[in-house]
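The values are calculated or read from the model by the stated rules, or taken from the named source; none is laboratory data. Treat the numbers as computed from the prediction; the structure is a model and nothing was measured. As a convention, Cβ positions derive from the backbone with ideal geometry for all residues, glycine included, and neighbour counts pool all protein chains shown.
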Amino acid sequence: MIPEHASNVLNEAECVNGMIVAYYLEHASDKMRVFDIAIPANEKTEIKLPDIGSVVTSHGKHNSSEFFYKFSSFCDPGS
C-alpha cells in the first residue's frame, strides 16, 4: 500500500517492472513518484517532469522495463 500523503491528491497508480508509479496532484501540477512493492511502500524516486503541467496518459507493463507517458502544459500541447 502507498501511504497517504498529507496534502497531495493521488490521481492514479500503476505497476511497472515490479515498482508502483504514482501520479499526485501537487499545487495544481502533476508529480510522478516511484515506490517499491513493499508493505508499506517506500518512495524510491521522483520522476522530474519537464515543466508545470499534467501527465495526460501513460503506459507500462508490470513485467517490462519500458514506460511511456505523455506530458502536457500551457506551453507544451503534448510531448
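Key figures
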item	result
Pair list, Cβ under 7 Å, 6 or more apart: segment 52-79 residue closer than 14 Å to residue 13 by Cα, other residue in a loop (DSSP other than H, G, I, E, B)	56/78; 60/66
Any chance residue 69 is farther than 23 Å from residue 4 by Cα and either exposed (fewer than 13 other Cβ atoms within 10 Å of the Cβ) or modelled with pLDDT of 85 or more (or both)	yes
Segment 1-50, residues that are out of contact with any Leu (no Cβ under 7 Å at 6 or more places or on another chain), surrounded by 13 or more Cβ atoms within 10 Å (Cβ to Cβ), of a type outside the set (A, V, I, L, M, F, W, C) and not in a strand (DSSP E or B)	5, 17
